[in-house]
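Nothing in this text is a laboratory measurement; each read-out follows from the coordinates by a stated rule. Here the structure is a predicted model, which means the values were calculated and not measured. Note that we place each Cβ from the backbone using ideal geometry, even for glycine, and neighbour counts take in every protein chain shown.
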């Protein structure tokens, strides 16, 4: 995890580290868990704003109807993304297999 990424999360209000005696950032185990969640969410493609909306849903014991609808929409978006990537992967696999069958 880069310092730049941690500072970005902090600037976006997604992560709030503690401060040590010298003003250095200190991260708890909960913060480490949150960083892993943030990395997964960013990898899936939503904006920082959307991630900020999703975090309370992920970390809460209960969700509102609005939050469940938001999670369902994000689930559908990620599922479409996975489907597109799976199709692209299949095409690439066919090309690699065809190239492997050709003499050098």
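Given the residues 31, 72, 76, 5, which is the only one that is surrounded by 12 or more Cβ atoms within 10 Å (Cβ to Cβ) and over 14 Å from the mean Cα position of the chain (by Cα)?
Of the residues listed, the single one that is surrounded by 12 or more Cβ atoms within 10 Å (Cβ to Cβ) and over 14 Å from the mean Cα position of the chain (by Cα) is 31.
Check residue 39 against each of (1) over 22 Å from residue 2 (Cβ atoms); (2) in contact with a helix residue (DSSP H, G or I) (Cβ under 9 Å, 6 or more places away or on another chain); (3) loosely packed, with under 15 Cβ neighbours inside 10 Å and name the one condition it does not meet.
(1)
Check whether at least one residue in region 14-26 is over 15 Å from the mean Cα position of the chain (by Cα) and closer than 27 Å to residue 81 by Cα, and report yes or no.
No; the residues of region 14-26 include none that is over 15 Å from the mean Cα position of the chain (by Cα) and closer than 27 Å to residue 81 by Cα.
Limited to region 45-69, what total is found for residues that are buried (at least 16 other Cβ atoms within 10 Å of the Cβ) and farther than 16 Å from residue 12 by Cα?
Residues flagged as buried (at least 16 other Cβ atoms within 10 Å of the Cβ) and farther than 16 Å from residue 12 by Cα within region 45-69 amount to 2.
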